[in-house]
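Right, one structure below, let's go through it.
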Amino acid sequence: MTVAELAGQYEVSHEELLNALSGRNKNMKSVIRRIARDIEGGKLK
């Protein structure tokens, strides 16, 4: 899955998602938690 696909799935901009994943945007922790839960639950591969 690409960053663009992830951004679309979680309804955030491509730039916001990259900043969140790199730790530059602390306000996006909720999106990171949702992605982590989906990975653990097997929804993302």
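Each reported figure results from applying straightforward, stated rules to the coordinates on display, with no laboratory input. Just so we're clear, the structure is a prediction, and the values are computed from it rather than from any experiment. Cβ: placed from backbone, ideal geometry, glycine included. Neighbour counts: every protein chain shown.
Quick look at the numbers
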item	result
Helices (runs of 4 or more DSSP H) enclosed by the chain - at least 3 residues per element that are surrounded by 13 or more Cβ atoms within 10 Å (Cβ to Cβ) and under 8 Å from the mean Cα position of the chain (by Cα)	14-22, 29-40
Residue within the stretch 30-39 that is touching a residue at least 24 places away in the same chain (Cβ under 8 Å) and among the aliphatic types (A, V, I, L, M) present	yes
